[in-house]
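Structure, as structure tokens:
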Amino acid sequence: ETFTKEWAEFLQHYNLPTCQSCTPLHRQQSMIALSFGIGNIGSGVQWHLHGPGFSETIHGRKHWVLYPPQSIPVYKMEYASRHWMENVYPNLEDWNDQDVKMELKHDEEFLKMWKRVSAKQRHFDGMMGNENESIDEIEEQGPSNKKPWECTINAGEMIYFPDGWHHATINLERYTVFVSSFTTEHN
């Protein structure tokens, strides 16, 4: 666990990315959380989503796959992200020009709706199962049959993952070291 006193002291030496909520004061007030990890080749993190943040690769390479909030990846929790990359990903369709236009239009509409719903309300509603104006108005497209957005983050590079985006990772080197910063900023 990275919540021990020793890890907290170690992570104090990490330079936060430049963002509105990545200040020393935010850090002192626990408004930003840091997570440190090491993984071997083929390991990674299965599909999940949460609030916004950054992830920096310190050593090695980490491949990221992401879907916007309204597109749901098809996966089984009992399988690792490597299983998804080897068995599901090859069967997904490439994007064509029409797909891109439709996605941009849908993303624009979705973001307007998403911004109306505060992060706290989305979290609360998800936990409480509330059926009110907020999260239920956000129409999901359902399982995506298209390839996700993807990139490989090399040592010294960083990715920003927006609020509510589905994402998974797979480490591409013998060992990969990373630090993730979870912020309080929202789209």
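Bear in mind that the values in this text are calculations on the coordinates, not laboratory data. In this text the structure is predicted, and so the values were computed from the model without any measurement. Positions of Cβ are generated from backbone atoms using ideal geometry, with glycine treated the same way; all protein chains shown enter the neighbour counts.
Cross-link check: pairs LYS101/LYS146; LYS76/LYS146; LYS5/LYS62 evaluated at a Cα-Cα cut-off of 24 Å; pairs beyond the cut-off: LYS5/LYS62.
Take the alpha carbon atoms of the stretch 45-115, find their radius of gyration, then divide it by 2.2 N^0.38 Å using N residues; give the quotient. Present the calculation step by step, with values, prior to reporting the outcome.
Details: Rg = 14.6 Å, N = 71, 2.2 N^0.38 = 11.1 Å.
Taking N as the residue count of the stretch 45-115, the ratio is 1.31.
Summing Lys, Arg as +1 and Asp, Glu as -1, what charge do residues with Cβ under 13 Å from the Cβ of ASN96 carry, ASN96 excluded?
Details: positive: LYS101, LYS146, LYS147; negative: GLU93, ASP94, ASP97, ASP99, GLU103.
In short, -2.
Between the amide H of SER144 and those of ILE72, VAL74, distances stay under 5 Å, these residues lying 5 or more places away or on another chain, with hydrogens modeled in the peptide plane.
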